Amino acid sequence: MKTKKIHIGDRVIGGGNPILIQSMCNTKTENVEDTVGQILRLERAGCDIIRVAVPTMAAAAALKEIKSRIHIPLVADIHFDYRLAIAAIENGADKIRINPGNIGSRERVQAVVDKAAERNIPIRVGVNSGSLEKRLIEKYGSVTAEGLVESALEKTAMIEEMGYDNLVISIKSSDVMMCVKAHELISTRTDYPLHVGITEAGTVASGNIKSAVGLGIILHQGIGDTIRVSLTGDPAEEIKSAKLILKTLGLRRGGVEVVSCPTCGRTQINLIGLANQVENLVTEFDDLDVKVAVMGCVVNGPGEAREADFGVAGGIGEGLLIRRGEVVKKLPEAELLQALRQELLNVREKQKAAKAVISRHP
């Protein structure tokens with residue numbers, strides 16, 4: 001769906017631009033060192049936009065120092081106190097996230113809008129199923145997709161009446177199918193960019209499944225401009241999951257795709273451990289667009305590995321290293337990971353050399 005372009009720092013969402021990946025720090029924002037350290041790690045993992053909680057004036061004041069030390073847009077998440085939103089903008093937030101319903105009176109929302117307009121800072125209007133207004137619950141008989149959409153559109157209309165339309169909308173629910181329906185409904189009624197996610201999705205195991213199903217359905221319909229996979233755990237896991245969801249849907253290229261067999265009684269190496277090691281290894285090669293196969297036995301292993309750019313096919317405590325269909329060498333199990341890493345490093349160096357040649361001879 002074609003939506004308006006909204007600038008968040010030096011990034012752009014909407015208007016047909018690539019879908020950007022967001023996450024949120026779980027550090028105390030007041031602790032600048034911890035927060036900056038986590039953001040830099042998330043940047044390396046592929047995070048495009050980062051959000052931090054601003055529950056205190058100390059957190060709002062910390063934004064200035066945090067922003068000066070990171071390289072991606074910084075979003076301030078504010079609830080209840082409109083003064084925190086104003087302070088966050090004054091301290092350099094590239095976007096603020098508020099729920100106008102819990103900020104207070106219309107005058108207080110107006111004060112936040114005026115400050116955002118002064119610096120042309122986007123406002124993300126967030127509505128969650130857990131905080132839907134009582135009157136809308138009574139109107140629809142329960143928390144529903146229709147109620148979420150009505151709440152979000154009322155709030156955006158209120159801010160538009162205040163003379164501002166630099167807005168992003170999010171309508172989230174932990175109920176996957178309710179979330180899907182809400183996005184289907186709102187996409188036909190607004191052209192504001194949509195921040196999509198399944199809120200409170202759960203742990204890495206359950207949350208990944210709920211997020212993949214919900215985001216997969218929504219994104220496959222062309223709905224959504226930026227996403228967050230909400231997981232109870234290390235925020236870096238959110239980035240890995242979001243990238244994989246986008247790549248699986250054909251909405252993002254780049255990075256190493258890992259395929260591995262499910263193992264069976266024929267497996268003679270520690271394939272589960274090796275596959276996990278490979279997944280961790282390839283996070284440092286996000287600049288490459290290659291496929292790596294990790295296979296466990298001689299039945300399908302060599303054939304599947306040959307279909308990938310690189311692969312390992314296990315034997316009895318050893319394995320074959322395969323490069324684009326050709327067996328490179330047979331190695332002890334303990335040496336396979338390092339050998340694969342060296343192959344990826346070689347690809348990177350060749351790409352750098354090719355770019356250098358092009359830059360010298362444009």
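Just so it is clear, none of the values below were taken in a lab; they were calculated from the coordinates. Fair warning: this is a prediction, and the values are worked out from it, not measured in the lab. Please note: Cβ atoms are built from the backbone with ideal geometry, for glycine as well, and neighbour counts cover all protein chains shown.
Things to note:
- Rounded to the nearest 10 degrees, the inclination of helix 271-282 to the longest alpha-carbon principal axis of the chain is 60 degrees.
- Aspartates and glutamates with Cα under 16 Å of Lys243, excluding same-chain neighbours fewer than 8 positions away: Glu43, Asp48, Asp225, Asp234, Glu257, Glu279, Glu284, Asp286, Asp287, Asp289
- Percent of Cα-Cα distances greater than 17 Å, calculated over the stretch 40-103: 35 percent
- Subset of Lys28/Lys67; Lys5/Lys210; Lys291/Lys329; Lys115/Lys181; Lys134/Lys172; Lys330/Lys352 violating a 26 Å alpha-carbon distance limit: Lys5/Lys210; Lys115/Lys181; Lys330/Lys352
- If you sort the three axes of the alpha carbon gyration tensor as a ≥ b ≥ c, you get a/c of 1.5 or more for the stretch 1-119 and a/b no higher than b/c, which makes it oblate.
- Which of Ala87, Val113, Thr144, positive extreme of dipole for the stretch 74-184 (C-beta unit charges): Ala87
- For the stretch 92-136, the Rg and Dmax computed from alpha carbons only, in angstrom: 11.7, 36
- Check: the chain dipole with +1 on Lys, Arg Cβ and -1 on Asp, Glu Cβ, in debye: 620 debye
- Projected area, mean over directions - the chain, Cα convex hull, nm²: 21.0 nm²
- With kT/(6 pi eta Rh) evaluated at 10 °C and eta = 1.306 mPa s, and Rh the Kirkwood radius from Cα pairs, the stretch 73-220 diffuses with a coefficient of 101 µm²/s according to Stokes-Einstein.
- Degrees, to the nearest 10: 235-248 long Cα axis against longest axis of the chain: 70 degrees
- Helical mean residue ellipticity (222 nm; -39500 (n - 2.57) per DSSP H run of 4+; nearest 500) of the chain: -14000 deg cm²/dmol
- Computed extension gain for Val328 through Arg41, at 0.36 nm per residue and net of the alpha carbon distance, reaches 99.9 nm.
- Projected-area average for the stretch 166-273 over all orientations - Cα convex hull basis, square nanometres: 8.5 nm²
- Helix 57-68 axis, angle to the chain major axis (alpha carbon atoms, nearest 10°): 50 degrees
- Cut-off under 5 Å, modelled amide H: who pairs with Asn17 long-range: none
- Over the C-alpha atoms of the stretch 214-300, the Rg to Rh ratio, Rh being the Kirkwood estimate, stands at 1.03.
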